[in-house]
Structures are given as C-alpha cells and as structure tokens.
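The values are calculated or read from the model by the stated rules, or taken from the named source; none is laboratory data. None of these values were measured; they are calculated from a predicted model. Cβ atoms come from the backbone with ideal geometry, glycine included; neighbour counts cover every protein chain shown.
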Amino acid sequence: MVMSKRPIMQTLRTRELVIDIPGRPDGYPLDLNIEPGQIWGVLGPNGAGKTTLLHTIAGLRAPRSGSLLLGEQSTAAMKRRVLSQQLGLVFQDRQDGFPATVLETALIGRHPWLSPWQMESADDVAMAERALEALDVLHLKDRLVSTLSGGERQRVAIATLMTQAPHTWLLDEPTNHLDLHHQVAVMNLLTERAKAGNAIFMCLHDVNLAARWCDNILLMYPDGEACWGPAEHMLVPNALERLYNQSLATVEVDGAPFFVPKRG
Amino acid sequence: MSRPLLKPLLVLAFVSLASMVLSVGTGSVSVAPGQVLAVILGEGSNLQQTLVLELRLPRTLSAFATGGLLAVAGALMQVLLRNPLADPYVLGLSGGAAVGALLAMLAGLGGFLVSGSAFAGALLSTLMVFGLAHGTGSWTPSRLLLTGVVVAAGWGAVITLMLAISPTQRLPGMLYWLMGDVSYARTPWPALGLLALVCLLVAPLGRSLNVLARGPMQAAALGVAVRPLEWTIYILASLLTATAVTMAGSIGFVGLVVPHMLRLLLGNDQRLILPACAFAGGTLLVLADTLARIVIAPEQLPVGVITALLGVPTFLYLLYRSR
C-alpha cells in the first residue's frame, strides 16, 4: 500500500513568474500567494494568457522565468506523480482518445494515488461515485463520455478532478457549457471545497460569477500587464472596462456589483 | 477489479491452447487432439513424433508468437497515437524490414543473415519515422502517422525496384517473404520469450497507458511522465514488430484487427487489452496459418494473404465508420 497520507495544506506561490507565450514580450512578473481556503478568479480578454498561466502553474509548461513554490519546495524539483497529488487541473478542451464510460473517466483521477501494480479498490470506486453524485452525473456513470452533452462532459471533468482530490484545484473555465443552475451548483461546490481548506484557482469569462464567488482576482491584460488582489478592490468598473475594452453599466444585486456590457 | 480481468484472460488462454492443438492435428495426416497431447508428452509412433514435434509444433508456435507480437505491438501503437487505425505496418516498419530482408536475399545470403538484415531494416525505419516526425517542432500523432505512411510508400518503391532488377530464380523466395509466411520461421522460442517478457513489462504500465489514452496533457496533469512513457511504448512496439517481421515476413493487419475486436468486446482497459491481444493475436494467426495450409493442399498459401483478406475489409469498415 503506497497510498500516501493527505498532504498538508500548503500555499502555492509564484515568484517573479513570467509565462512563456511565444512571440510576445515578457509580461508583468506575477507574485501570487494562493492560500488554502481562497477562491481565485482569473479574468482577461481572449488571448491574454489565462490558459497558459494555468498550464504553467500546473507544471505542464515551463515559465519564461521565475519559479513556483509549494510550501517551501520548488515544484520544478518535485516528481510529476507527487505534484499531481497536490495540484489538479480541469482543462478547457478535452480530447476523446478511446471510448470510455463516465465512471472509468472519473476513476482515472485516482491514478496519482495508486502504485503501478495496484488496481482501483472499492474505496476508489466509491470516491469516484461520490464525485459524480456531487456533480449530478452519477446517473450517467455507465454511459460513454462521447455520447454526453458539452455541459455533462464538463461536469464529468470536474468530477474527475474531485476524484483526484488534490489540494489545489486549477480550473480552466469550469462553467463553460453549463446551464445556469449547474453554473451555480459548480460555484457552490467550489466554495464548499475552499471552506474545507482547498485552494481554488480558475479562469473565468463571466465577470459576474467572479464577483459573486471569488475572493481574490487576477486581471490579465492583453499587453502582459497584470494586477491582483482582493475581489472588492479589483472588480471596479474602470479596471474592467479597460480590461475588456468595453464600456459597462453597474447595478447592485444582493449587495454585490453586477456588470452589464453597454450596447455599442 | 482484478477478478473481471482474470476471467477473459483465462478464456482466451484456453481458446489459444485449443487452436494450437487443432492446428497441430490438422494437415495431410491428421492427428486427434488427445493424440496430440500424448505425443507432446512423449508417446506415439515415430512418424507421429516427427510430424508433431519437428514439423507442425514449431510452425504452430511460431504462428502464435508472431500473431501475439503483432497484436500487442498494434495495441501499443494505437495508445501511442490515440488512433485506433494505427498499426506497426501502417507506420512503415514492415517496409524497412522487407527492404532489409530482400537486400540480403539479393546478395545471395540466406538463413540467419536474412533475419538479421530484416531486423536492422525495421529498426532503421523506426528511427527514421520517429526522428523525422519529431523534427524541430512537436510530436503530434497526425505527424507521426503521416510520416509513417510516407516512409512506408518510399519503402514500397524500393521493394518494387529491387524486385524489378532481381534475377528470376530469386523472385519466388522474395515474393513469399513479402507476403508473409510462417514456414520461414526457425525456432519460436526467442519470440515467445519476448512476448511473455513484454506482457510482464507492460503490466505495471497499464494504468498509465489508460491515462495516456486520454491525451498527453491530461496524462501529465495526472502524474504520468509522458515523454519517457511514449518512448518506452514506441521502442517496445518496434522491437515486437521487428521480431515478428523477422520471423515470418510481412504479415499485415493482425495488429489492427485484433486490438479493435478486443476493444469492442472487453472495453479499453489496457491492463486487460494488452495480454488479451497476445492470446487473441496468436490464436488468429494460428488459425489463419492452419487455413493457409489446407485451403489448396498440398500447395500452401502464405498466411499474409489470409490476414490481409480479413484485415482490409475491417480497416475500410473502420475508416468508413470513423468521423
């Protein structure tokens, strides 16, 4: 049994991190502290480098400069398997290689926790089923993923991350393809995870979801500039209008600002 | 989870054994299944001893080893390229091996040197395809597949050229080798050993392969060291193919048809599919070779003709169905 203990909740830090987007000058170096219990939203227009940042933090791409630390340890020096016990990522686009059922897909999340000779145990299956239940896709568990709708696939992907149970959750547009109810359900689930001590770091396109659920915001401008901080300081009309190059009207809903793009 | 893996494998192992007994018993002089086992245990007449132990059993075992090697190699390639149409033969490996073998035959060499030369040709082709597909940029499945197809076409042209300039008396041997024929095989034991060894080697990699089948980025995010794993698969698949081609010439489509059928029946868990491929691929080739021996007896067909007749429609059907 090589099943390691749950890792101690650690802060994920980027130090002078500059992401590598080929053909673009260096962006503003990022010094983020992504702490347990926080929910980060990354906002920016198309092509600002949100996905690249997420992949860099997940260790799937090398940064142009700077480093990533998990606790005091550099992630570059960690083994992939150990790293993926601590960091998990939901991708924006997924490719179907061979046909697989929903349950098989979610079970893949246990991979970093099992030794090469180990088969998935009943506990692992139960864990995957709990995750599918939480994402409201348990009734689809024997269906092939390729037969699901976009929103159902998105929820299966999040359930896979939940089965992986890393400490830090990285998500690339987790509300993509989701209907309104499931958008809220997913954001509530992420809030729950944060309360349980997980760190959540996600790219979002919907400013209003970010305003409602995120406590920290990173704004990424297309020219490489970036600023970050508590949500209430970052989500101000001026900054957002400059970010998206779009004039906005602001209304208040449930005591929180709600941004609506103006026509023309 | 481990019991559902065991049952299909036991069934396949039994089917393999039955097909081998059938194959050994079938021919100009037939031997009953019970008799086959008795002879293997050292009983029976001198004639039966010679017939079974010296003539038929080595050939049957060679067919089994060749089929198993090709099917496992095909399954590995399909995971590597995330494409159910991948097959070591589509990737130009057999072309390289054929050119190697024909060069040796053209030079009037025989026996071991033909095999060695075929092996060298297969490995050379592997290095070429992977080196060129890697190039300066990234290493995408479509690039690899296209490079393989083009290299295979190149080998095809070289083969035609060699056949055109060969002296007439060498042609029949060359053609037979190109069509794939188990009767060329010498001893089955090294190939059987390699097959067993590779099945053991890939067993602990099975789950990593399942993850890799979801795409390299997802695999990396789940803790798989993608690049080393991809190289391991490619080298293993090349080694398996080169060994099979060296034993029996170009036998196509086993690596395509067998994994595909098994995936339809048993799902996509590579921990099950890979050993299942060894059994089912071996069984298919044993049966195909038995057929090749008896269809126009006393003449024999090259077994590659039989597998191609099975494989081409399957391949076209798959292409037609794929979107």
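Just a few scattered comments:
- Residues being more than 19 Å from residue B:207 (Cα to Cα) and either surrounded by 18 or more Cβ atoms within 10 Å (Cβ to Cβ) or free of Cβ contacts under 8 Å to residues at least 24 places away in the same chain (or both) - total across segment A:131-148: 11
- Any hit, segment A:164-185, residues being part of a helix (DSSP H, G or I), without any contact (Cβ under 8 Å) to a residue 60 or more places away in the chain and within 12 Å of residue A:103 (Cα to Cα): no
- Residues located in segment A:46-66, provided they are under 10 Å from residue A:17 (Cα atoms), away from every other protein chain (no Cβ under 12 Å) and part of a helix (DSSP H, G or I): A:53, A:56
- Conditions (1) of a type in the set (Asp, Glu); (2) surrounded by 15 or more Cβ atoms within 10 Å (Cβ to Cβ); (3) out of contact with any Leu (no Cβ under 7 Å at 6 or more places or on another chain); number of the one not met by residue B:87: (3)
- When segment B:159-185 is filtered for residues that are modelled with pLDDT under 80 and out of contact with any Pro (no Cβ under 8 Å at 6 or more places or on another chain), the ones remaining, listed by number, are B:173, B:177, B:182, B:183, B:184.
- Among the residues of segment A:180-214, those identified as buried (at least 16 other Cβ atoms within 10 Å of the Cβ) and in contact with a Phe, Trp or Tyr (Cβ under 8 Å, 6 or more places away or on another chain) are A:187, A:190, A:191, A:193, A:198, A:199, A:200, A:201, A:202, A:207, A:211, A:214.
- Within segment A:80-107, considering residues that are in contact with a strand residue (DSSP E or B) (Cβ under 8 Å, 6 or more places away or on another chain) and in a loop (DSSP other than H, G, I, E, B), the one farthest from the other protein chains (Cβ to nearest Cβ): A:92
- Residue check, residue A:27 farther than 30 Å from residue A:147 by Cβ, without any contact (Cβ under 8 Å) to a residue 12 or more places away in the chain, assigned to a loop (DSSP other than H, G, I, E, B) and more than 14 Å from every other protein chain (Cβ to nearest Cβ): no
- Looking only at segment B:220-266, residues that are within 21 Å of residue B:65 (Cβ to Cβ), modelled with pLDDT of 90 or more and within 13 Å of chain A (Cβ to nearest Cβ) come to 1 in all.
- Looking at A:66, A:47, A:23, A:71, just one residue is of a type in the set (Gly, Ala, Ser), within 24 Å of residue A:174 (Cα to Cα), surrounded by fewer than 22 Cβ atoms within 10 Å (Cβ to Cβ) and out of contact with any His (no Cβ under 7 Å at 6 or more places or on another chain), and that residue is A:47.
- Of the criteria (1) in contact (Cβ under 8 Å) with a residue 60 or more places away in the chain; (2) touching a strand residue (DSSP E or B) at 6+ places or on another chain (Cβ under 9 Å), which one residue A:60 fails: (1)
- Checking each residue in segment A:234-248 for being surrounded by fewer than 13 Cβ atoms within 10 Å (Cβ to Cβ) and part of a helix (DSSP H, G or I) picks out A:238, A:242.
- Close pairs from segment B:192-219: first touching a residue at least 40 places away in the same chain (Cβ under 8 Å) and more than 9 Å from chain A (Cβ to nearest Cβ), partner buried (at least 19 other Cβ atoms within 10 Å of the Cβ) and not hydrophobic (A, V, I, L, M, F, W, C), Cβ under 7 Å, at least 6 apart: B:194/B:243; B:195/B:68; B:199/B:275; B:209/B:270
- Segments classed as helices (runs of 4 or more DSSP H), wholly inside segment B:31-126, with at least 1 members that are under 14 Å from residue B:248 (Cα atoms) and at pLDDT below 85: B:93-106
- Single match in A:116, A:112 (criterion: assigned to a helix (DSSP H, G or I) and either at pLDDT below 95 or more than 17 Å from the chain's Cα centre (by Cα) (or both)): A:112
- Condition check for residue A:258: of a type in the set (Phe, Trp, Tyr), farther than 21 Å from residue A:91 by Cα and not in a helix (DSSP H, G or I): yes
- Residue list for segment B:150-208, restricted to those being under 20 Å from residue B:271 (Cα atoms) and among the basic types (Lys, Arg): B:207
- Qualifying residue in segment B:157-170 (condition: within 30 Å of residue B:60 (Cβ to Cβ) and more than 17 Å from the chain's Cα centre (by Cα)): yes
- The set of residues in segment A:58-100 being in contact with a Ser or Thr (Cβ under 7 Å, 6 or more places away or on another chain) and within 22 Å of residue A:160 (Cα to Cα) consists of A:59, A:61, A:83, A:85, A:86, A:87, A:92, A:96, A:99.
- Taking the criterion of being farther than 23 Å from residue A:22 by Cα and touching a residue at least 40 places away in the same chain (Cβ under 8 Å), the residues of segment A:206-228 that qualify are A:207, A:208, A:209, A:210, A:211, A:212, A:213, A:214, A:215, A:216, A:217, A:228.
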